[in-house]
Structure formats: structure tokens, C-alpha cells
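All remarks here apply to the structure that follows.
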Amino acid sequence: MNLDEAVTAKLTIGGNNFEILVDCEKAIDFKKGKNIDISDVVVSDDIFKDVKKGEHASNLLKFFNTDTKIEICKRIIKEGEIQLTTEYRNKLRTEKRKQIINLIHRNAINPENNLPHPIVRIENALEQAKVKIDEFKTGEEQIKDIVNKLRAILPIRYEIRMIEIRIGNKYSGKCYGILKQYGNIIKDEWLDDGSLSVVIEMPAGLQQDLFDKLNGIAHGEVESKIIKVL
């Protein structure tokens, strides 16, 4: 790759800095354990004390127990910090934004009608509330703070529900597979008459969609009650 497009990967050992030049995205993938040839990741196998000053590192054997540069490069990438390009940061932020929008759509409801907000409405509310997405935190870590900010724009309630569902014996087998797609089955019990009793933990925003599918199969032979709101 072009040297001008390379970024620095840096590892500090005992107060000593060891830096190499790498392809940003490929280095991140290599760090995550993806099967990438190290020669495609590093721009060169030169090990620097300070890349910007062009100062090469010394005493490599002492700090790495090897003087094989390509092995040292692997360790620097795996254990060190990788400088991110603006382009890659924007990519991460865009992906994280989509994940958060999907989490809100699945897990939050409009308390006025108990239905999930449409994705477009959530996107617009994020813009209006000027919500900042942290590309380095998981969506789950950020979701509650973000929902609190959206309350100034949208009527919204974020919740997980534990629901007990009973399905008639004619349709219980077909419905079981549907239930597993919508949440975490806490308890299931096949009753003497062949009907199915299930306790499922699921996002509130998916409840209506689940019931529509179950009733479409079981033709109304579905009973349910909310046991707990988490």
C-alpha cells in the first residue's frame, strides 16, 4: 500500500515504544483473529522507536525474546494499539449507528400504542436529539443513555418482557420454532393434552409481531400473559 495511507501500530513494553506501519483495516482484522497474511498487513517489517522521527528500535531480542521482525510485528498488532484513519472511524460509527437503531426498534416501544417505532422515525429522532455514537462501545452499553435522550423527541419505553404463552396441541409443534426466533425460552412444558406452555424473555417491540405469526399458525389458539417487565 501507499506509505502515505499507512497508520501506526504501537506497543509499549517496560516504558519502551515499538512502532510499525500497517494497513489500518487489515491490521484491525488481523487483531480480531481473521485469517490474513501478515505480509498484507504490514507496510514493512521495520521496527521503530518513533516512526515520525524515523528512529529504529533496538534491543528487540531483550523485549520480545526473538529478533525475527515479522513475529515482532504480529505481537505489536495483537497486543498494541492501532491508529485509526478517519475513514475507518466513520465506517465503525456508521455500523454502530445501524446496530443501535436496530436495538431500539427491536427492544423499545411507543407507550401510546405498545408498538415499535419505525426505523425511519428512530433515525430522524437521533438526528434531532443530536445523539453522538461511540464507535468503541457496544450498542448495549450505550442504548439506555440514548433512549433517555430520545424521550425529548419520542414517546418511548425500552423494556424486555417475560411472557407466558400457551399454544393448543394442534399447532404447538409448528409454533415452537417461531418462539425460538423471537427470544430466549426460559421454560417450556408439553402438557398432558399436547398443548405447549412456554415462558419466553423477549424485546417488547417484537411482541406484537410474534403474536401475529403465532395466531396466523394457531388460528387464535394462543393464550398469553406478561409475567414480568425487565
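The values are calculated or read from the model by the stated rules, or taken from the named source; none is laboratory data. Quick caveat, the model's predicted, so the values are computed rather than measured. Don't worry about glycine lacking a Cβ; one is built from the backbone with ideal geometry, like all the others, and counts go over all protein chains shown.
Tabulated values for the structure
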read-out: Filter result (surrounded by fewer than 17 Cβ atoms within 10 Å (Cβ to Cβ) and part of a loop (DSSP other than H, G, I, E, B)) within the stretch 160-206; value: ASN169, LYS170, LEU191, ASP192, ASP193, GLY194
read-out: Single condition GLY33 does not satisfy, out of (1) on the phi > 0 side of the Ramachandran plot; (2) outside any loop (DSSP other than H, G, I, E, B); value: (2)
read-out: Selection status of VAL199, more than 25 Å from ILE100 (Cβ to Cβ) and in contact with a strand residue (DSSP E or B) (Cβ under 7 Å, 6 or more places away or on another chain); value: yes
read-out: Selection within the stretch 1-30 - buried (at least 17 other Cβ atoms within 10 Å of the Cβ), aliphatic (A, V, I, L, M) and not in a loop (DSSP other than H, G, I, E, B); value: VAL7, ALA9, LEU11, ILE20, LEU21, VAL22, ALA27, ILE28
read-out: Residue within the stretch 129-151 that is at pLDDT 90 or above, in a strand (DSSP E or B) and exposed (fewer than 15 other Cβ atoms within 10 Å of the Cβ) present; value: no
read-out: Selection from the stretch 85-97 of residues that are hydroxyl-bearing (Ser, Thr, Tyr), outside any loop (DSSP other than H, G, I, E, B) and surrounded by 14 or more Cβ atoms within 10 Å (Cβ to Cβ); value: TYR88
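Residues checked against (1) at pLDDT below 95; (2) assigned to a helix (DSSP H, G or I); (3) of a type outside the set (A, V, I, L, M); (4) not assigned by TED's automatic domain parsing to the domain that holds THR8:
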| site | (1), (2), (3), (4) |
| --- | --- |
| ASP46 | yes, no, yes, no |
| ASP67 | yes, no, yes, no |
| ILE72 | no, yes, no, no |
| GLN99 | yes, yes, yes, yes |
| ASN113 | yes, no, yes, yes |
| ALA125 | no, yes, no, yes |
